[in-house]
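K.L.:
I have a structure here, written as structure tokens, and I will follow up with some questions on it.
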Amino acid sequence: MRGRLPGRLHLVEDVGFPLVPQLEISDLITAVDPHSGHRLPVRRSEVIRQLRENGDERAVRIVAALPAGPDDVLDPHAVDRLLVRVHTELQRLSEELRLGERMVDVLGPLFTAIRSATGDSGPYRLVDVGCGLGYLVRWLAVTNALGADVELVGVDLNAALVGEAGRLARAEGLDCAFVHGNAFALPEAATVYVSTGVLHHFRGSALTEFFQAQAASPAYAYCHFDIARTPVAPLGAWIFHRARMRHPLGRHDGVASALRAHSDETLLRAAAEPGIRALLYEPRATANPFCTTLRPVIGVRPHLEAAFRQALKRDARRLVGPEHLAGAAR
Ligand SMILES: C[S@@+](CC[C@H](N)C(=O)[O-])C[C@H]1O[C@@H](n2cnc3c(N)ncnc32)[C@H](O)[C@@H]1O
């Protein structure tokens, strides 16, 4: 790639601003059997091959520096330590973007609607899909922002991340649970599914299946925050990750996430499932792209929509369905 770029663009790539379609390194260096949940070995040369095919020599250099055994399998302990370190740095993003407060702006009215319009007296269960180090669940537990009748559960397929989330919660004396596994295969049903920074990891049919799993579950609603696809998002992500992240993997994947972010239309199309009403809160068409960072896609059972809008009060005007985006620029 570098050889094909005009000279001025070399400079851009040299400081770490990628110009090629992105894969995220963190997605490639761990693998889990989706049925058993057991970790699978990952060959370093295979990860390098995929990144090189994608034209991402910077990512190739990052992966080439990771330790592997004589059998070429990446050292799982070193990978775990690295992912915990990068996610620890990543928590700063959640703090600075006030992700807890922004989630509660939506979840508060959502639980008000569930309490008033379903006849279900609780307790309710919030499940954070792909909770990583559990920043959101721990923040909700510290603040008790949703009320004592909402149980807080973080779930992740990555044992190292969710294990660290549990360790932090115990050290902080918090009333919440962390579970290693598939968030859609829990023995107890969720009332509401949430996530932060997860949607862009699901591509194509996997994104549709993500929403199908929730529509088919007994949950009343979901609320998934992810990076908004705007022209300025990759540059904003690059500035933030240069300033606040230390490890090159975190810097690389942070910008890759912004480049891979789904458009509003892609999310609403993928979320269109019978039995659930898919909505966007503060979508790109209604928001200033310089201020938009993360925005949620929300799904509610149709009989809850009116109560949810009522509980949102004036903020209900920020909520739009697919019909409002018809004809919007992609
Ligand atoms: C980028 S991390 C998100 C981290 C975290 N939400 C945060 O904001 O820091 C995405 C995580 O989603 C997890 N994941 C993906 N699908 C999942 C599923 N069905 N159940 C549980 N975890 C899942 C992956 O293991 C990965 O750790």
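K.L.:
Quick one: is GLU101 of a type outside the set (A, V, I, L, M, F, W, C), within 16 Å of the ligand (Cβ to nearest atom) and under 20 Å from HIS241 (Cα atoms)?
P.N.:
It is false that GLU101 is of a type outside the set (A, V, I, L, M, F, W, C), within 16 Å of the ligand (Cβ to nearest atom) and under 20 Å from HIS241 (Cα atoms).
K.L.:
Any chance the stretch 192-204 includes a residue that's open to solvent by 20 Å² or more (accessible area, probe 1.4 Å), of a type in the set (Ser, Thr, Tyr) and within 24 Å of TRP139 (Cβ to Cβ)?
P.N.:
Yes, the stretch 192-204 contains at least one residue that is open to solvent by 20 Å² or more (accessible area, probe 1.4 Å), of a type in the set (Ser, Thr, Tyr) and within 24 Å of TRP139 (Cβ to Cβ).
K.L.:
Residue by residue through the stretch 136-145, note down the ones that are in a helix (DSSP H, G or I) and either in contact with a helix residue (DSSP H, G or I) (Cβ under 6 Å, 6 or more places away or on another chain) or of a type outside the set (Ser, Thr, Tyr) (or both).
P.N.:
LEU136, VAL137, ARG138, TRP139, LEU140, ALA141, VAL142
K.L.:
Tell me which residues, restricted to the stretch 104-130, are touching a helix residue (DSSP H, G or I) at 6+ places or on another chain (Cβ under 6 Å) and within 13 Å of the ligand (Cβ to nearest atom).
P.N.:
Of everything in the stretch 104-130, those that are touching a helix residue (DSSP H, G or I) at 6+ places or on another chain (Cβ under 6 Å) and within 13 Å of the ligand (Cβ to nearest atom) turn out to be VAL127, ASP128, VAL129.
K.L.:
Still on this model: Taking the stretch 205-241, which residues are open to solvent by 50 Å² or more (accessible area, probe 1.4 Å) and at pLDDT 90 or above?
P.N.:
Of everything in the stretch 205-241, those that are open to solvent by 50 Å² or more (accessible area, probe 1.4 Å) and at pLDDT 90 or above turn out to be SER205, GLU209, GLN212, ALA216, PRO218.
K.L.:
For the stretch 23-83, which fully contained helices (runs of 4 or more DSSP H) count at least 3 residues that are away from the ligand (no atom under 14 Å from the Cβ), out of contact with any Cys (no Cβ under 8 Å at 6 or more places or on another chain) and open to solvent by 60 Å² or more (accessible area, probe 1.4 Å)?
P.N.:
Numbers: elements: 25-28, 44-53, 57-64.
Answer list for the stretch 23-83: 44-53.
K.L.:
Checking HIS77 against (1) more than 28 Å from HIS180 (Cβ to Cβ); (2) over 23 Å from the mean Cα position of the chain (by Cα), which single condition isn't satisfied?
P.N.:
Failing condition for HIS77: (1).
K.L.:
When the residues of the stretch 143-162 are filtered to those that are open to solvent by 40 Å² or more (accessible area, probe 1.4 Å) and within 16 Å of the ligand (Cβ to nearest atom), which remaining residue is farthest from THR112 (Cα to Cα)?
P.N.:
Among those residues, the one meeting the criterion is ALA159.
K.L.:
Which pairs have Cβ atoms under 6 Å, sit 6 or more apart or on different chains, and link a residue in the stretch 88-101 that is in contact (Cβ under 8 Å) with a residue 40 or more places away in the chain to one that is open to solvent by 30 Å² or more (accessible area, probe 1.4 Å) and near the ligand (Cβ under 10 Å from one of its atoms)?
P.N.:
Listed pairs, sorted by first residue: GLN91/TYR135; SER94/TYR135; LEU99/THR196.
K.L.:
Now a separate question. In this structure, does LEU133 turn out to be near the ligand (Cβ under 8 Å from one of its atoms), under 21 Å from the mean Cα position of the chain (by Cα), outside any loop (DSSP other than H, G, I, E, B) and outside the structural domain of HIS38 (by TED's automatic domain parsing)?
P.N.:
It is false that LEU133 is near the ligand (Cβ under 8 Å from one of its atoms), under 21 Å from the mean Cα position of the chain (by Cα), outside any loop (DSSP other than H, G, I, E, B) and outside the structural domain of HIS38 (by TED's automatic domain parsing).
K.L.:
Only one of these is over 15 Å from the mean Cα position of the chain (by Cα) and assigned by TED's automatic domain parsing to the domain that holds LEU294: ALA237, ALA148, ALA206, ALA183. Name it.
P.N.:
ALA148
The values are calculated or read from the model by the stated rules, or taken from the named source; none is laboratory data. These numbers were taken from a predicted model, which means no experiment stands behind them. Here the Cβ is made from the backbone with ideal geometry for all residues, glycine too, and neighbour counts use every protein chain on show. Ligands, DNA and RNA are stripped out before the accessible areas are found, and what is left, the full protein with its side chains, is counted by its heavy atoms. Shrake-Rupley method; radii C 1.70, N 1.55, O 1.52, S 1.80 Å.
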